[in-house]
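The values are calculated or read from the model by the stated rules, or taken from the named source; none is laboratory data. As the structure is a prediction and not an experimental result, all values here were calculated from the model. Virtual Cβ from ideal backbone geometry, glycine too; neighbours counted across all protein chains shown. Quick note on the areas: whole protein, heavy atoms, side chains included, nothing else; ligands and nucleic acids left out. Shrake-Rupley method; radii C 1.70, N 1.55, O 1.52, S 1.80 Å.
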Amino acid sequence: MKTYFQISLKVFTVLLTVMLVCVGCGKNGNSTSGSGILGGMSKEDMCNPAKRFTDYKPIYREYTDDWGELCYEYKGIKIFDANGEMKYSDEEAEEYYTHYAIHFFYAHIIADKITWSKKEKKKSYVDYIKEHLFDIVCNLPLDDSYPSDIRETVNKIYYDNKDKALNMILVKRGYGFLKYESDFHIYNNFYLYRDKESGSLMANWEPHLQ
């Protein structure tokens, strides 16, 4: 039989996981807060991206390879709030970015891995992700209200990377970046960082930090 301590520990672990993930922000969530302090927000709203952000835009470089195939080089995610494209703030990074790190990670991993799709589907998938990434990540895993091929591809990415997201931890806080580690295998680390040219808040694998 399980001891009282074991049961209590299991309940605590489940509650902690729910608080960390917080990806189910609902299809009808609207942003009611741009950048700013968390003081007036409930614990539920603190990790509900729809209360703070309005869009995620993946950045791709399109090119044609030596065999004439259209390819996409993934360059990272830009994050938007009610005031437009967000700029990285060290003060806000200290205050609240980590509340949303798992959500940013899902946006990033989906935008990256969607470019690995079969070539006959790649362009349509990338075009769809460009327009709907924020909504997709707010509603993981996707239900049958989404196109079946998109749903199948995105949900596979979600489940294949769920352990990575749940085990991700902040390991370094520096000027202009937050560094996270998990079981990323062939990748390096996951970063939230200041783009050296635009100053924008970005999410990506290990960038060229300034």
Seminar exercise, completed: Matching residues in the stretch 135-148 (open to solvent by 50 Å² or more (accessible area, probe 1.4 Å) and assigned to a helix (DSSP H, G or I)) number 2
For this session: Hey, could you check the stretch 113-134 for residues that are open to solvent by less than 50 Å² (accessible area, probe 1.4 Å) and in contact (Cβ under 8 Å) with a residue 40 or more places away in the chain and say which is farthest from D55 (Cα to Cα)?
Result: K122
For this session: Go through the residues of the stretch 179-192 one by one and say whether even a single one is more than 19 Å from A50 (Cβ to Cβ) and touching a residue at least 40 places away in the same chain (Cβ under 8 Å).
Result: yes
Exercise. Which ones in the stretch 68-110 are in a loop (DSSP other than H, G, I, E, B) and touching a His at 6+ places or on another chain (Cβ under 8 Å)?
Worked result: none
Exercise. Restricting attention to the stretch 78-100, and to residues there that are surrounded by fewer than 20 Cβ atoms within 10 Å (Cβ to Cβ) and of a type in the set (A, V, I, L, M, F, W, C), which single residue is farthest from E197 (Cα to Cα)?
Worked result: A82
